[in-house]
Amino acid sequence: MSRVEGRLEGRLAGKVALVTGGGQGVGLGIARALAAAGARIALVDREADRVARAAQDLGGIGLVGDVVLPGDAVRCCNETVARLGAIDVLVNNAHHVIGQPLLEVDDASLETVWSTGFLGAFNFMKAARPHLRRGASIVNIVSSVMLKTDTSGFALYAATKSAIRSMTRTLACEWGRDGIRVNALSPQTDSPAWTAWSAANPALAAKILSEIPAGYVGDAERDVGPVAVFLASDASRYVTGSLVLADGDGVSCVRRYARRRPGRARPARPRPIRSAVPGSGTTGITPVSLHDPVRQRPLPTLIAWTPKVWPETSARPRARVAWLRVKVTVCRSSFEMPGVPSSMPRSKGLEEPPACRWLFAV
């Protein structure tokens, strides 16, 4: 009996789920959760014995195939439909992890990480598309590594997962009108790859564990599987193109720590524009010197103002500077503005001069 069967029973009744990399680790844990929710399971793996044992435990079918090969993807999808009748859920989980600094990456590692990750997901989504009906769901497994502040040692892996996330959003747009949802799921979970890496890098593994507020690395079946079930079920019928985190808040915690680490100087906030405008209640024009926090230099600006029309400015310095550059002139063509070049644009056809609310950089 699955460890999550009571929580998920019946949510995917009558559906067929195809899981790549389902012979072990994260893929097998997710497949167990999908099976506990009532789905019939097809597993894809390169190792025949491994996938056969996993499929037997779940009462599903095991398919031997390599996600890198488009022909294998087409064959596995066709066989799933022939034996189980449909494909309602596709979980692209297979990915060979290689953690190396960029200068140590060779062509073989580059080819392996890219082809088993991005191309594997691409091949199976393309092969499964003719079989996907309205209401079908695709869940692409990405990684919390791509969202961390420091991705040292995982340049290829993080970049490949980011590419899969981008492809997920694109297909959600392209296939959404056909009723097919595509989402990305980012877990922080135990797996054979994590076990091997943490044994080889105990200090880094301890650091990652300390950054997870939940205090532990998630279990694929109990912690990540139910999230995959939600994304595969009709309960998430309005969720598509999204990145869903199941990482114990590890990524958010790292980002908060990075923002608050001691010794980091905050950029100086420029003087509010409202206080820089003299002569409140008098229409006119005056040069005002503003500070550009992006380029770290003064921003010469001409401002025309009248009472009760000065807009509230953003509290974010960069947004404020951008606003200064795009505000449009709104003024009667015959309204004379001292010191303004005659080439400045004027709106035409206005009988009465509205409150002159224009602002521009020169």
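The values are calculated or read from the model by the stated rules, or taken from the named source; none is laboratory data. Quantities reported herein were computed from a predicted structural model and do not represent experimental measurements. Don't worry about glycine lacking a Cβ; one is built from the backbone with ideal geometry, like all the others, and counts go over all protein chains shown.
VAL244: among the aliphatic types (A, V, I, L, M), modelled with pLDDT of 50 or more, part of a helix (DSSP H, G or I) and surrounded by 15 or more Cβ atoms within 10 Å (Cβ to Cβ), yes or no? No. Entry remark, segment 18-75: residues being under 18 Å from GLY120 (Cβ atoms) and part of a strand (DSSP E or B) number 10 in total.
One line per residue, one yes/no per condition, for (1) of a type in the set (Phe, Trp, Tyr); (2) under 30 Å from ALA13 (Cα atoms); (3) modelled with pLDDT of 95 or more:
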{"residue": "ARG169", "(1), (2), (3)": "no, yes, yes"}
{"residue": "TRP194", "(1), (2), (3)": "yes, no, no"}
{"residue": "ALA200", "(1), (2), (3)": "no, no, no"}
{"residue": "ASP219", "(1), (2), (3)": "no, yes, no"}
{"residue": "TYR238", "(1), (2), (3)": "yes, yes, yes"}
{"residue": "ARG269", "(1), (2), (3)": "no, no, no"}
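Residue by residue, here is whether (1) without any contact (Cβ under 8 Å) to a residue 40 or more places away in the chain; (2) in a helix (DSSP H, G or I); (3) of a type in the set (Phe, Trp, Tyr); (4) under 17 Å from ALA42 (Cα atoms) holds:
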residue	(1), (2), (3), (4)
VAL97	no, no, no, no
LEU119	no, yes, no, no
LYS161	no, yes, no, no
SER166	yes, yes, no, no
LEU171	no, yes, no, no
GLU174	yes, yes, no, no
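Among the conditions (1) touching a His at 6+ places or on another chain (Cβ under 6 Å); (2) farther than 23 Å from LYS15 by Cβ; (3) buried (at least 24 other Cβ atoms within 10 Å of the Cβ), the only one that HIS95 does not satisfy is (1).
Of the listed requirements (1) part of a helix (DSSP H, G or I); (2) closer than 26 Å to ARG133 by Cβ; (3) within 28 Å of the chain's Cα centre (by Cα), SER109 misses just one: (2). Per the listing VAL224, VAL251, VAL182, the residue uniquely in the same structural domain as GLY23 (by TED's automatic domain parsing), modelled with pLDDT of 80 or more and part of a helix (DSSP H, G or I) is VAL224.
Is it the case that some residue within segment 13-33 is in the same structural domain as VAL224 (by TED's automatic domain parsing), within 23 Å of THR116 (Cα to Cα) and touching a Phe, Trp or Tyr at 6+ places or on another chain (Cβ under 7 Å)?
yes
Pairs are defined by a Cβ separation below 8 Å, a sequence spacing of at least 6 or placement on different chains, a first member in segment 196-215 that is assigned by TED's automatic domain parsing to the domain that holds LEU245, and a second member that is assigned to a loop (DSSP other than H, G, I, E, B) and of a type in the set (D, E, K, R); the pairs so defined are ILE212/ASP247; ILE212/ASP249; PRO213/ASP249; ALA214/ASP249. Only one of the listed residues (ALA172, ALA193) is out of contact with any Asp or Glu (no Cβ under 6 Å at 6 or more places or on another chain), farther than 26 Å from GLN24 by Cα and surrounded by 13 or more Cβ atoms within 10 Å (Cβ to Cβ). That residue is ALA172.
Conditions (1) out of contact with any Lys or Arg (no Cβ under 7 Å at 6 or more places or on another chain); (2) more than 24 Å from THR170 (Cβ to Cβ), marked per residue:
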position: LEU204; (1), (2): yes, yes
position: LYS207; (1), (2): yes, yes
position: VAL217; (1), (2): yes, yes
position: GLU221; (1), (2): no, yes
position: VAL227; (1), (2): yes, no
position: ASP234; (1), (2): yes, no
position: ARG237; (1), (2): yes, no
position: THR240; (1), (2): no, no
position: GLY248; (1), (2): yes, yes
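When the residues of segment 64-89 are filtered to those that are aliphatic (A, V, I, L, M) and surrounded by 24 or more Cβ atoms within 10 Å (Cβ to Cβ), the one that is nearest to GLY10 (Cα to Cα) is VAL89.
For segment 100-124, enumerate the residues that are surrounded by fewer than 14 Cβ atoms within 10 Å (Cβ to Cβ) and not aliphatic (A, V, I, L, M). Once the filter is applied, which keeps residues that are surrounded by fewer than 14 Cβ atoms within 10 Å (Cβ to Cβ) and not aliphatic (A, V, I, L, M), segment 100-124 yields PRO101, GLU104, ASP106, ASP107, GLU111.
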